[in-house]
Amino acid sequence: MIEFDHVTKRFGGHLVIDDLSLRIDDGEFFVLVGPSGSGKSTLLRTVNRLVPVDAGAVRIDGEDVLSRDVETLRRGIGYAIQSVGLFPHRTVGENIATVPRLLGWPEGDIRARVTELVELLRLDEPGIADRYPATLSGGQQQRVGVARALAARPRIVLMDEPFGALDPITRESLQGSLKAIQRDTGTTILFVTHDMDEAFRLGDRVALMLDGRIAQVGAPLDLLHRPANDRVRDFVGGTRARLRELAVRTVRDSMRVGEPAEGEAVDVADSLQDALAAMLAQRRDRLPVNSRGERVGAIVLADLVANGP
Amino acid sequence: MTKARHTHGVIRVAAPLAVLASLLFVLPRSGPWFHAWLPELSHPLYTRTSFGALTLAHLALVTIATLFAVAIGLGLGILATRPSGRSLLPTVRAVAVIGQTFPPVAVLAIAVPLLGFGAAPTLLALVLYGVLPVLGQTIAGLEHVPAATLHAADGMGYGRWRRLREVELPLAAGPIMAGVRLSAIVSVGTATIGSAVGATTLGSPIVEGLVGNNTAYVVQGALLVGALALSVDAVLGAIERRIRRG
């Protein structure tokens, strides 16, 4: 559990974080979203003490981060950043092994963990662990960055716009990998982004940050359905909010059970956005729905448009 | 690395060393040639000290001076790039540049009354001269380490000294080694002046030749200094290339 308790931070005379309180539960994928300068990265960095707070406290499991030795604290928290910051003089494998090595893991455990992460992050090009970062694509580098952040199996991982510099296809693939890993390991992830779609796709809960305060916090659908005020409404999408909503909800929520349909089936676990895309691609206004390969019902365009999901 | 490049690298190191070795072998036997070229000289071959001994003395002086220069330059460079020492940076740079603008002869002139004749004042001049290249390259190298790499290192829990040792210095090693090489080469040349105040170096035949109007001595000393400078450059250059390749 991460707890921000009336945290305040100024840079010079400028108030960056304004008396902010927030609680992030264990195992949560929590996204801080907001425009540049809203203070979200600064808030993230107060957790591993890269930024010291001026007032208030940041606590992990009830313990003030200031009471821990700073290096021990940081080695216990995963950290990934947009610019990746791989060590150019070390191989991919050595980069991933950074924190386990700082923690003094036995060499055999480190090797096994590196092999495991190379597979987990789908860095499965043969011999990639022995290559240097400069020889990798941007997407591969960020996969290594994420693997490095996860290497010592931290219970908390901080991620500062890790996918911000990647092309959309690579980004989506990495988002998928990360979400799956988080679900499997139960790691608490605090994730910063300015990309609203990314926030809604990844977050169990999302906090919209504006001017150093939390404008609203809640599940993605809460923010979409019940924006706290007009600024929040503007940020979560205005007229595009419904489109975002389709990305958050799954076919399961809106299908007509047992009804027939023609065409290529979608899966119950697909997002409604995927279903809409499939309808457009097949030029049909209803499609069959499968669950584990079995036909279970139909999804209908009119339902998406008229009733709303 | 390709075989051709490897061969090329070996030649780059071996050629100057071979020239130096040949000179050390041929020069002591070259009296008749110099006599033929300059028949008016009664002693056409420098024999006060053997060329081998002069070369070794010269190399020892340069090595010691370079070690001191590296220790001082690296230390100051690291100090000036730490958060606590960053305010020193302009001063450190200014002092090093002033050291460089001082002509070596002037340093010797000041140092002799303090340290007497011989190797000591020469060593002082060489160290003062050798510090700047190392210092400059250390600062440049450390400042060129990508900010994101340092930020990530901090975030993962590197301590300050461990970060310096395992991240910053390895990444700055190429430029630092270039500074060491420059420092050593400058020393090889400058050390010859030490013979004017009584140090035994390859400058001894040159100084004696200039004083006694003996062109043969000057040529013999100059050939060896040149070959030594190229050899030092080649060896340190090979080390630098190896470091830069990582």
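The values are calculated or read from the model by the stated rules, or taken from the named source; none is laboratory data. For clarity, every value in this text was computed on a predicted model and none was experimentally measured. Here Cβ is always computed from backbone atoms with ideal geometry, including for glycine, and neighbour counts include all displayed protein chains. Areas reflect the complete protein model, heavy atoms only, side chains present, ligands, DNA and RNA absent. Shrake-Rupley method; radii C 1.70, N 1.55, O 1.52, S 1.80 Å.
Taking θ as phi - 60° and the Karplus parameters 6.51, -1.76 and 1.60, the scalar couplings of segment B:216-224 work out to 4, 4, 4, 5, 4, x, 5, 4, 5 Hz in sequence order, x denoting glycine and proline. Computed with a 1.4 angstrom probe on protein heavy atoms, the A-B interface buries about 1600 square angstrom of accessible area in total.
The residues of segment B:112-161 occluded by other protein chains by 20 Å² or more of accessible area, set against the chain on its own, are B:Ala148, B:Thr149, B:His151, B:Ala152, B:Asp154, B:Gly155, B:Met156, B:Gly157, B:Tyr158, B:Gly159; surface from heavy atoms, 1.4 Å probe.
Among A:Asp54, A:Asp26, A:Asp197, the largest mean-square fluctuation in a Gaussian network model of chain A, built with springs joining Cα atoms closer than 10 Å, belongs to A:Asp54. Between A:Pro52, A:Pro168, A:Pro126, the Gaussian network model of chain A with springs among Cα atoms under 10 angstrom shows the greatest mean-square fluctuation at A:Pro126. Full extension of the chain between B:Glu40 and B:Ala238 gives 66.9 nm of extra length, using 0.36 nm per residue less the Cα-Cα distance. Evaluated at q = 0.12 Å⁻¹, a Debye calculation over the C-alpha positions of the protein assembly as shown (equal weights, vacuum) places log10 I(q)/I(0) at -1.14. The largest-to-smallest principal axis extents of the Cα set in segment B:94-136 are 31, 15, 13 Å.
Could you tell me how far the Cα centroid of segment A:41-117 sits from the Cα centroid of segment B:1-54, in Å? Distance between centres, Cα-based: 58 Å. Entry comment: accessible area of chain A is 45 Å² per residue, from protein heavy atoms only and a probe of 1.4 Å.
Considering only A:Leu22, A:Leu280, A:Leu202, the mean-square fluctuation computed in a Gaussian network model of chain A, springs between alpha carbons under 10 angstrom, is largest for A:Leu280. Counting protein heavy atoms only, the protein assembly as shown has 59 percent of its accessible area on carbon and sulfur, 1.4 angstrom probe.
Using the Cβ-Cβ distance between A:Leu66 and A:Ala277 with R0 set to 51 Å, the FRET efficiency works out to roughly 0.55. Listed values for segment A:144-150 are Karplus-derived 3J(HN,Hα) couplings in whole Hz (6.51 cos²θ - 1.76 cosθ + 1.60, θ = phi - 60°), namely 5, x, 5, 4, 5, 5, 8, and x replaces Gly and Pro.
Taking the Cα centre as origin and putting +1 on Lys and Arg beta-carbons and -1 on Asp and Glu beta-carbons, what dipole magnitude results for chain A, to the nearest 20 debye? Kindly include the intermediate steps, with their values, before the conclusion.
Details: 40 positive and 45 negative charges, 51 e Å.
Using Cβ point charges on Lys, Arg, Asp and Glu, chain A gives about 240 debye.
In chain A, the longest principal axis of the Cα atoms and the axis of helix A:107-120 are about 30 degrees apart.
Compute the Cα gyration tensor for chain A, then decide on rounded, prolate or oblate, letting a ≥ b ≥ c be the square roots of its eigenvalues: rounded whenever a/c is under 1.5, prolate when a/b is larger than b/c in the other cases, and oblate in all that remain. Could the numbers behind the result be given before it?
Values: a/c = 2.26, a/b = 1.32, b/c = 1.72.
Note, shape of chain A comes out oblate.
Look at where the Cα atoms of segment B:89-130 and of segment B:157-204 average out, and the two centres are 15 Å apart. On the principal axes of its alpha carbon atoms, segment A:1-125 extends 47, 30, 28 Å, with the longest extent given first.
For segment B:1-86, the gyration tensor built on C-alpha atoms gives an oblate shape. Its axis ratio a/c (a ≥ b ≥ c) is at least 1.5, and a/b is not larger than b/c. How big is D, in µm² s⁻¹, for chain B by Stokes-Einstein at 4 °C and 1.567 mPa s if Rh is the Kirkwood radius over C-alpha pairs? Answer, rounded: 65 µm²/s.
Solvent-accessible surface, computed for protein heavy atoms with a probe of 1.4 Å, shrinks by 20 Å² or more for the following residues of segment A:129-148 when the other protein chains are added to the isolated chain: A:Arg148.
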